[in-house]
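Here is the structure we will look at.
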Amino acid sequence: MKSVYIVLTDTGTVLTRCIKLFTRKNYNHSSIALDSQLDHVYSFGRKKVNNPFNGGFVKENLYQDFFLRSRCQVYRLDMEEAHFERMQEKITEFELKRSDYRYNLLGLIGIALHQEWERENAFFCSQFLAYILQESGMVHFHKPIYLITPDDLIAYVNPQLIYQGTVSHYLANQTLYAENPEISYETNYVPQTFMKKWTLPMINRFL
């Protein structure tokens, strides 16, 4: 068996607050990690910090200040190795062709208006996760993936919640939660000193 990690976050950005008006949910951005350390995290979001309109496929760096201040839920999803390998293959395809993809902002509007607006090579975060989960053979969604929300992801695949609190606290204590999945820790604690891990490219996300 292999495990992947679904990370739901609330960054408090203007866009996030706007989305909350429609979803009435605390967490409106979703990412998928291939490791419990959250070193390999993928989603669709903002490519550059200061340009919310330039979005697409991103490998996220949760050690940036933008993420460290955010609150999150971390879920563990166990799957067969064949499903895991297929998921890795699909993510690699996105990485190799990242310039072909764009952020599906109209798709978010479609969800809010209950309109089915499918766009080629365009994804928002939960749509991307639904796509790679479905392509892996792990799950089949009973509605179009361009209508899947972060809450839908959790409802469909039923992963195990292993942590709830600040991103910074999880990263500082991830071994504890990965090795003791029955623990779900709620915290507002943000460490005063924190060793940041920088990777290239430096990317913040859209939501």
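The values are calculated or read from the model by the stated rules, or taken from the named source; none is laboratory data. Just so we're clear, the structure is a prediction, and the values are computed from it rather than from any experiment. All Cβ positions, even for glycine, are placed from backbone atoms using ideal geometry, and neighbour counts span all protein chains on display. With ligands, DNA and RNA removed, areas are computed over all heavy atoms of the protein, side chains included. Shrake-Rupley method; radii C 1.70, N 1.55, O 1.52, S 1.80 Å.
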- Extended-chain gain in nm, criterion 0.36 nm per residue less alpha-carbon gap, His142 and His40: 33.9 nm
- Message: Can you compute the label reach from Asn121? Point 7 Å from Cα along the Cβ direction, backbone N cut-off under 20 Å, restricted to segment 91-109.
- Response: 91-108
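Can you tell me the order of 100-109, 1-10 when each peptide is scored by its average per-residue count of other Cβ atoms within 10 angstrom, highest first?
Top to bottom by mean Cβ count within 10 Å: 1-10, 100-109.
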- Between the modelled labels at Thr175 and Asp78 (7 Å from Cα along Cα→Cβ) the distance in nm is 2.3
- Just add up the charged neighbours of Lys2: K/R +1, D/E -1, any other residue whose Cβ is under 12 Å from the Cβ of Lys2. -3
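Given R₀ = 35 Å, what would the calculated FRET efficiency be for Lys2 paired with Asp100, taking r from the Cβ atoms and rounding to 0.05?
Efficiency, rounded to the nearest 0.05: 0.80.
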- Tally Lys and Arg at +1 and Asp and Glu at -1 over the other residues with C-beta under 10 Å from the C-beta of Glu80: what net charge comes out? -1
- Item | aspartates and glutamates with Cα under 12 Å of Lys59, excluding same-chain neighbours fewer than 8 positions away | Asp39, Glu95
- Task: Show Glu120, Glu80, Glu95, Glu60 ordered by accessible area, largest first, where the area counts protein heavy atoms only and the probe is 1.4 Å.
- Result: Glu120, Glu80, Glu95, Glu60
